[in-house]
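The next block holds one structure in the form of structure tokens; read it before the comments.
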Amino acid sequence: MIRAAMFSIMILCSLSVAQAQNVWFEPNHGQVHRSVDFLARSGGGYVYFGRNRMAVRDVRMELVGANRKASAEFVEPTGGISSYFIGRTEKDWHTGIPHYARVRYRNVYSGIDLVYYGSGRDIEYDFVLRPGADPKQIRVAYNKPVRVDENGDLLIAGLRQRRPNVY
């Protein structure tokens, strides 16, 4: 018998973003609405992340009952930067915004972290459970109809979220 206190559980999920290539994450320094903590950028566009939610195109995913005080921790700087020259004066510009390979929210649920990262053209995320954490806390809601295909993947308004792996 394996005791739960001896290991952590990771649940891997993947969201395919059409036309994306390499993915990077950048903190919101004023280049987008203040409700956004950070955004992911790829060759195909943007994905926006806020407290307990993610939005790509017109699809929104929300972590139901999650910790509203969890904050983004940027991990693995890539060395890249973005600059946004919005408006006519320098005070409206946002320059030198660093890129990161991963973003981690600690304790989105009790004993559970959420880590976002890029994998080729996809954005993937892991729920990382510490020993003793209850995976039943994890609940995800979408603002669009969801259907399950023959492989167990979720299809949401043209997006595919692959069936999770648990290891």
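The values are calculated or read from the model by the stated rules, or taken from the named source; none is laboratory data. Computed from a predicted structure; not experimentally measured. When we count neighbours, we look across all protein chains shown, and the Cβ atoms used for this are built from the backbone with ideal geometry, even at glycine. Surface accessibility is based on the protein's heavy atoms, side chains included, excluding ligands, DNA and RNA. Shrake-Rupley method; radii C 1.70, N 1.55, O 1.52, S 1.80 Å.
Residues ARG162, ARG34, sorted by accessible area with the largest first, give ARG34, ARG162 [1.4 Å probe; ligands and nucleic acids excluded]. Note on the chain: with a GNM built from Cα contacts shorter than 10 Å, the maximum mean-square fluctuation among VAL75, VAL148, VAL108 falls on VAL148. Net length available on complete extension from ASP58 to LYS136 is 25.3 nm, with 0.36 nm assigned per residue and the Cα-Cα distance removed. Taking the chain as a Gaussian network, where each spring joins two C-alpha atoms under 10 Å apart, which residue of ASP113, ASP122, ASP134 fluctuates the most? Looking only at ASP113, ASP122, ASP134, the biggest GNM fluctuation is shown by ASP134. Projecting the Cα atoms of THR78, TRP93, SER35 onto the charge dipole of the chain (Cβ charges, centred on the Cα centre) puts SER35 farthest toward the positive pole.
Here ARG121 and HIS33 are evaluated by their C-beta separation; at R0 = 35 Å the FRET efficiency comes out at 0.90. Rounded to the nearest 20, the size of the Cβ-charge dipole of the chain about its Cα centre is 400 debye, with Lys and Arg at +1 and Asp and Glu at -1. Between rounded, prolate and oblate, where does the chain land on the alpha carbon gyration tensor, with a ≥ b ≥ c its root eigenvalues, rounded for a/c under 1.5, else prolate if a/b exceeds b/c? In terms of gyration-tensor shape, prolate. Test of understanding: in a Gaussian network model of the chain with alpha carbons linked when under 10 Å, which of GLU73, GLU62, GLU90 would top the mean-square fluctuation ranking? Among GLU73, GLU62, GLU90, the largest GNM mean-square fluctuation belongs to GLU90.
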